[in-house]
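Engineer: The structure under discussion is supplied below as structure tokens; questions concerning it will follow.
The values are calculated or read from the model by the stated rules, or taken from the named source; none is laboratory data. Every value quoted in this text rests on a predicted model; they were computed, and no experiment measured them. FYI the Cβ positions are ideal-geometry reconstructions off the backbone, even for glycines, and counts take in every protein chain you see. What goes into the accessible areas is simple: the full protein's heavy atoms, side chains included, and nothing from ligands, DNA or RNA. Shrake-Rupley method; radii C 1.70, N 1.55, O 1.52, S 1.80 Å.
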Amino acid sequence: MEDTGRESDHLMLITPERVFYAGLLGRPRKRTPGCCHVYVAVKGSLHLTIDDTLVSGELFVTLPNQRHSIASDYRTVISVTLEPESMPDGVIEALAERLRGPDKAAYARKILAAYTLLRQRRYGDITTAEFDEMCFGEALPRRVLDPRITRAVARIERFSGEPVTADTCAAEAGLSASRFLHLFKEETGISFRSFRAWKRARHLLHFANQDLNLAHLAQDIGYPDSTHFSHSIRRFYGLKPRAIFVGSRDLAIYRSTETVRLAEAS
């Protein structure tokens, strides 16, 4: 696990398929992330709003692309995110049902214990299975993708060179563009365009505690211009890019070996 060297109770562990975040929420605005979120209160209660309905509690689960806002009584909140393409269809929904069930408090304690472990830095590298065991007490099932789609996903997640297009990925897979797009959606459960947009926004997390020129960063990770960058980040995170960076100044970021390998390939 790579350590930025910062000392803070605010931390983020990033792997290709999971993120563990303990930090500030910012002002509660509507967000529509492309992942599953498991929110856990560090102290007090959380307040989740979906479809203008407000509920309060210690743990909430939101599904990928579910528009919502989240607020907290305490300045720090925990958010565990799971990438939907990493699991077979139905796994996230089944996990959400368990987390919302009678064992909700036990799951909340488990995730809080994981936060304590990460603050103490007892983990070196971490696999997806180990991450899941730490947070949920079990390794969640893994989705096995068609090798052609696996290569396309890896290409999207490298964030290097020219922007990745469906035509390019289709040519590399030896398929027509229409057949590739159909296969991509069939294999991952997500459209190519939506997947690429979310992964681009997710990649921003790696730089959140750095002092960077945001216009340059937007260009480096594939946004055509600053306006597109700002709109996309606000849609996924409910915050402007600048607000994310201001709120992450004391955030310690750790990356798994696989995440570092992908970053170094970019």
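Engineer: Considering only region 142-157, how many residues are loosely packed, with under 14 Cβ neighbours inside 10 Å and not in a helix (DSSP H, G or I)?
Structural biologist: Within region 142-157, residues that are loosely packed, with under 14 Cβ neighbours inside 10 Å and not in a helix (DSSP H, G or I) number 1.
Engineer: I want to confirm something. Restricting to region 75-96 and keeping residues that are more than 21 Å from Ile190 (Cβ to Cβ) and modelled with pLDDT of 95 or more, which single residue is surrounded by the fewest Cβ atoms within 10 Å (Cβ to Cβ)? Let's see the steps before the verdict.
Structural biologist: At the first step, the residues of region 75-96 found to be more than 21 Å from Ile190 (Cβ to Cβ) are 75-78.
Filter once more, so that each one left must be modelled with pLDDT of 95 or more: 77-78.
Numbers: Val77: 21, Ile78: 23.
That would be Val77.
Engineer: Could you look through region 158-185, keep only residues that are among the hydrophobic types (A, V, I, L, M, F, W, C) and in a loop (DSSP other than H, G, I, E, B), and pick out the one that is nearest to the chain's Cα centre (by Cα)? Show your work before the answer.
Structural biologist: Filtering region 158-185 for residues among the hydrophobic types (A, V, I, L, M, F, W, C) gives 159, 164, 166, 169-171, 173, 175, 177, 180-181, 183-184.
Filter again for in a loop (DSSP other than H, G, I, E, B), leaving 159, 164, 175.
Details: Phe159: 16, Val164: 20, Leu175: 30 Å.
That would be Phe159.
Engineer: Conditions: (1) open to solvent by 20 Å² or more (accessible area, probe 1.4 Å); (2) outside the structural domain of Val153 (by the TED database); (3) part of a helix (DSSP H, G or I). Ala215 meets all but one. Number of the miss?
Structural biologist: Every listed condition holds for Ala215 apart from (2).
Engineer: Can you tell me which residue is least open to solvent (accessible area, probe 1.4 Å) among those in region 132-141 that are without any contact (Cβ under 8 Å) to a residue 12 or more places away in the chain and in contact with a helix residue (DSSP H, G or I) (Cβ under 7 Å, 6 or more places away or on another chain)? Explain how you work it out, then say what you get.
Structural biologist: The initial filter retains those residues of region 132-141 that are without any contact (Cβ under 8 Å) to a residue 12 or more places away in the chain, namely 133, 138-139.
Then keep just the ones that are in contact with a helix residue (DSSP H, G or I) (Cβ under 7 Å, 6 or more places away or on another chain); that gives 138-139.
Details: Glu138: 66, Ala139: 49 Å².
So the residue we want is Ala139.
Engineer: If you don't mind, another one. So in region 242-266, with the set limited to residues that are more than 19 Å from His216 (Cβ to Cβ) and among the hydroxyl-bearing types (Ser, Thr, Tyr), which one is modelled with the lowest pLDDT?
Structural biologist: Thr259
Engineer: Taking only region 21-40 into account, find how many residues are of a type in the set (A, V, I, L, M, F, W, C), in a strand (DSSP E or B) and touching a strand residue (DSSP E or B) at 6+ places or on another chain (Cβ under 6 Å). Walk me through how you get there before you give the answer.
Structural biologist: We begin by selecting, within region 21-40, every residue of a type in the set (A, V, I, L, M, F, W, C); these are 22, 24-25, 35-36, 38, 40.
Now narrow it down to the ones that are in a strand (DSSP E or B): 22, 24, 36, 38, 40.
Narrowing further to those that are touching a strand residue (DSSP E or B) at 6+ places or on another chain (Cβ under 6 Å): 22, 36, 38, 40.
Qualifying residue count for the region: 4.
Engineer: Just to check your reading of the model, which residue among Val80, Val153, Val55, Val91 is more than 19 Å from the chain's Cα centre (by Cα) and of a type in the set (A, V, I, L, M, F, W, C)? Show your work before the answer.
Structural biologist: Details: Val80 fails: more than 19 Å from the chain's Cα centre (by Cα); Val153 fails: more than 19 Å from the chain's Cα centre (by Cα); Val91 fails: more than 19 Å from the chain's Cα centre (by Cα).
The conditions single out Val55.
Engineer: Hey, among the residues in region 58-77 that are of a type in the set (Ser, Thr, Tyr) and within 18 Å of the chain's Cα centre (by Cα), which one's nearest to Val42 (Cα to Cα)? Don't jump to the end; show me each part of the working.
Structural biologist: First pass over region 58-77, keeping only residues of a type in the set (Ser, Thr, Tyr): 62, 69, 72, 74, 76.
Narrowing further to those that are within 18 Å of the chain's Cα centre (by Cα): 62, 69, 76.
Details: Thr62: 18, Ser69: 17, Thr76: 7 Å.
Looking at residues that are of a type in the set (Ser, Thr, Tyr) and within 18 Å of the chain's Cα centre (by Cα), I get Thr76.
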